[in-house]
Each structure stands twice: as structure tokens, then as C-alpha cells.
Amino acid sequence: MSEAEWEAMKALDPHKGLAPAERLKKINGEQRELHRSRFPWAEGSLNINGQHLNGIGARYKGNANFNLMRGSLKRNMKIKLDWTNKDQNYNSVETLNLNASGLDPSKLRDVFSYWLFREVGAPAPRTTFAEMTLTIPGRYEKEHLGLYTIVEQVNKSFLKDRFGSKKGLLMKPEGIASVEYHGDDWRFYAPLYRPDDQPSLAQSVRVMDFANVVNLSNTKQFRDSISSYLDINGFLRFIAVNALIVNLDSLLAMLPQNYYLHLIKDTNKFVFFP
């Protein structure tokens, strides 16, 4: 990555008073795509096992783990291989999530946890390891960053592989520890349930009806109808593994996040997965 792109990729201070766009202009004089008003995308190249990929996009990611690694070159990153060339991939993979595992001295917890989810039948991402080096001409030359865990991106390719269809409604809720009910207006659900795509009317109604059943039905109504909305066995496996591994970054946590809720096209049922 060039030095200019490396500087542009620096995370923005969320406590600074200036608007994100103004802060970016002070860095490199141009507007850039931002993730959550903090992580700018930058462009570079990548070598994977001798295969050279140009025009990739890279940005930092994460919260506690990212902040813990402050001052280190090794930090969580997301890399899009198809950033400038939509046909570019590596073995049909377009996006790489690189976890620095700053909170895990063993470097095994992510890998073991996702494996355990998959073993019980949950549609969890695959993982592998990568030794990373960084080159910024004039600053770093193949600087060794160390061992990263690569976690598979949950996207349309993931949905096609696990559920047989790219269609359906994929959501990544944040800040809600249950299926919260907020009336019959989708506008109140979108910022909490965070769908990947704009849902159809039928899909948004299905989410709101599901929330209604969970929150407002009596015991008999709930027992009679829940199986028509939820993959119950899958949900119980999902909860059991989260409890077993004491996952503090999940549906069960004080700040619930980092789980997916997907409305499967063929069954019209909801499934939870990590």
C-alpha cells in the first residue's frame, strides 16, 4: 500500500468534533467511503500464496479488540478483493476478515468456537490462519505482523452455500438482546435489525409478526405458533454453544451484537447464527 493510502486508512477519532468528511479532507483532500463514520477504506494490493491481486480495498474493523491493539501495526482488518474489479477473487472468496486476536493469547478461541457451532449444525463461518506482512514503500518492507485468523464473510455467497439460495432477508441486529417489538412500522426496526438489503413488504411484515408473537402472545398462542416462525432446534443449538463457550460478544451479552438473524426464503422461518 502506498504511504498516502496508508495514512488515509487511519481510524478517525469518534470523539473529535469535526464531521467525518471534514476530518478526511484534512488527511488526504478527498472524500472516502467510511464504515460507521470511523474506518476509511483505502486501496492497495495483496499477495496470497504467490497470487498477486491489485486494486483491493482495506479498512480496519472492530471495537474492543481494535482499541486494545492501539499503537500496534497488527489490528483487525477487512479486505475486499473485488474493490475495483468485481470479478477478482481468491478461490471464489471476495472478502477476508482478518482478526488480530488481541484478546486471545492462544489464537485458538475464534477457530474452536466457529468449529463447535458448525459441529452442532449451525451455519457458522469457516476459518483459517494467515501469516501477514506489510509493505509501505519508504516506511516498511515486508514488516512481519504475525498470525491472523481469517473468518469467512457472511454474504450472498455464504447464504447460497448454507441455505441453497442467495435470497431471503439477512440481518445483523445490534443492541437488541431479543426479538424486540416496535409496533407495525418498519422504520422503527431497520436501525436495530440492520438488514443487508431493503426488505420486501412481505419480509418486513414477517419480522414484525415474529416480534409480535415473541413479545405479545400468551403462552398457548406462543407454543402454537412459534414453530411456524423459528427454526427451534437450530436456535437451541445456537444458544447452547454461546452459553458453553461463554461468548460475551453475542445475543446473550450486556451489549448484544455480532450475531445474524436470517429469514430463509424457502421455509419463511428465521434462523440465528454467529
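At-a-glance table
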| item | result |
| --- | --- |
| Residues that are hydroxyl-bearing (Ser, Thr, Tyr) and either assigned to a loop (DSSP other than H, G, I, E, B) or touching a Lys or Arg at 6+ places or on another chain (Cβ under 9 Å) (or both), drawn from the stretch 217-241 | 217, 227, 228, 229 |
| Check on residue 179, part of a loop (DSSP other than H, G, I, E, B) and within 22 Å of residue 94 (Cα to Cα) | no |
| Top-ranked residue of the stretch 107-120 - restricted to ones that are at negative phi and touching a Phe, Trp or Tyr at 6+ places or on another chain (Cβ under 9 Å), ranked as surrounded by the fewest Cβ atoms within 10 Å (Cβ to Cβ) | 120 |
| Residue, nearest to the chain's Cα centre (by Cα), within the stretch 127-156, restricted to residues that are under 22 Å from residue 113 (Cβ atoms) and small (Gly, Ala, Ser) | 130 |
| Test: residue in the stretch 125-143 that is within 22 Å of residue 246 (Cα to Cα) and in contact (Cβ under 8 Å) with a residue 60 or more places away in the chain | yes |
| Test: residue in the stretch 91-104 that is of a type in the set (Asp, Glu) and surrounded by fewer than 17 Cβ atoms within 10 Å (Cβ to Cβ) | yes |
| Of residues in the stretch 154-176 being outside any helix (DSSP H, G or I) and among the polar types (S, T, N, Q), the one surrounded by the most Cβ atoms within 10 Å (Cβ to Cβ) | 155 |
| Some residue of the stretch 178-200 being touching an Asp or Glu at 6+ places or on another chain (Cβ under 8 Å) and basic (Lys, Arg) | yes |
| Enumeration of residues in the stretch 230-274 that are of a type in the set (S, T, N, Q), surrounded by fewer than 20 Cβ atoms within 10 Å (Cβ to Cβ) and at pLDDT below 95 | 247, 257, 258 |
| Which listed residue is crowded, with 18+ Cβ neighbours inside 10 Å, of a type in the set (D, E, K, R) and either touching a Pro at 6+ places or on another chain (Cβ under 9 Å) or closer than 21 Å to residue 249 by Cα (or both), from 75, 38 | 75 |
| Residues of the stretch 121-153 that turn out to be surrounded by 16 or more Cβ atoms within 10 Å (Cβ to Cβ) and not in a strand (DSSP E or B), as a count | 5 |
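The values are calculated or read from the model by the stated rules, or taken from the named source; none is laboratory data. Because the structure is a prediction, the values reported are computed rather than measured. Cβ: placed from backbone, ideal geometry, glycine included. Neighbour counts: every protein chain shown.
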